[in-house]
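The values are calculated or read from the model by the stated rules, or taken from the named source; none is laboratory data. As the structure is a prediction and not an experimental result, all values here were calculated from the model. Glycine gets a Cβ as well: all are built from the backbone with ideal geometry, and neighbour counts include every protein chain shown. The protein model used for the area step is the full one, side chains on, heavy atoms only, and it has no ligands, DNA or RNA in it. Shrake-Rupley method; radii C 1.70, N 1.55, O 1.52, S 1.80 Å.
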Amino acid sequence: MAKIKLDTIVTFTTQFSSMINANIPLMKILINLEKDVLDIKFAKILANIRSDVEKGYDFANSLNNRANIYQGQDFQNFNQAIKDYSKAIKMYEKLDNNPNIHFDRNDLAGAFMNRGNAYQGLRELNKAIEDYNKAIKIQEILDNDPNINFDRNNLALAFMNRGAAYQVLG
């Protein structure tokens, strides 16, 4: 399991926070920090976040995608993935509670699903099932709304993941 050193994370978060507080645009921050970081694996994470933002993803989606990296083959750091998914969920929930912002609730469901997968990787199956239930609840609401063109594949996948967790629990 590859780990990012604590001093790398502390340095990054300190610099990132200072730049945000100085009202420096997000893309400029990500480009500068990606160039300055010495840890190759952390640079890869920053490159993925920057790439997502360049493609038009919001920062919450980028954090969600970053957490996916931790669950990928290069990283098996489920605890860090859970932290990132949790941050993304909080951001999505804030967007969801703001009536002035158009928000795709399927992104929130996806973050719950991904965090459930990370919990399942840690064998914290009750927490995984709880997140799968949240994802299913959101996706069933979307599925029942005639004004939304909904892809049922994600809903089916949530049921399959929850079923797999129940199966392991016995």
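For labels at residue 79 and residue 123 in the simple 7 Å Cα→Cβ model, what's the distance in nm?
For the pair residue 79/residue 123, the computed spacing is 1.6 nm.
Mind listing the Cα extents of the chain along all three principal axes, in Å, largest one first?
Largest to smallest, the principal-axis extents are 46, 40, 21 Å.
On C-alpha positions alone, give me the angle between the axis of helix 26-36 and the longest principal axis of the chain, in degrees, nearest 10.
So the helix axis and the longest Cα principal axis differ by about 60 degrees.
Once every DSSP H run of n ≥ 4 in the chain is given -39500 (n - 2.57) and the sum is divided by its residues, what mean residue ellipticity at 222 nm do you get, rounded to the nearest 500 deg cm²/dmol? Each step should come with its number before you reach the end.
Details: 8 runs with 129 residues, N = 170.
Taking each H run of at least 4 residues, the total per residue is -25000 deg cm²/dmol.
Mind running the shape call on the range 86-149? Use the C-alpha gyration tensor, a ≥ b ≥ c as the square roots of the eigenvalues: rounded below 1.5 for a/c, prolate if a/b tops b/c, oblate otherwise.
Values: a/c = 3.13, a/b = 1.60, b/c = 1.96.
Oblate shape, in that a/c is at least 1.5 and b/c is the bigger or equal ratio.
Hey, with R₀ at 45 Å, roughly what FRET efficiency would residue 15 and residue 96 work out to, going by the Cβ-Cβ distance, to 0.05?
Numbers: r = 30 Å, r/R0 = 0.67.
Rounded to the nearest 0.05, the efficiency is 0.90.
Would you rank 17, 51 by solvent-accessible area, highest first, keeping every protein chain in place and using a 1.4 Å probe? Present the calculation step by step, with values, prior to reporting the outcome.
Details: 17 55, 51 35 Å².
So, going from the largest accessible area down, we get 17, 51.
Quick check: pseudo-label points 7 Å beyond the Cα along Cα→Cβ at residue 160 and residue 104, how many nm apart are they?
2.0 nm
To the nearest 10 square angstrom, what accessible area does residue 27 show with a 1.4 Å probe?
50 Å²
Using a 10 angstrom Cβ neighbour count of at most 16 plus a DSSP loop assignment to flag exposed trypsin sites (Lys or Arg not before Pro), which longest range of the chain is free of such sites? Mind showing how you got there, number by number?
Details: sites that count: 3, 5, 55, 123.
For trypsin sites (Lys or Arg not before Pro) (loop position, at most 16 other Cβ atoms within 10 Å), the longest site-free span of the chain is 56-122.
Taking Cα atoms, how many degrees apart are the long axis of helix 59-71 and the longest axis of the chain, rounded to 10 and kept between 0 and 90?
Once rounded, the angle reads 80 degrees.
Angle, helix 105-121 long axis vs. longest principal axis of the chain, Cα atoms, 0 to 90°, nearest 10?
So the inclination is approximately 90 degrees.
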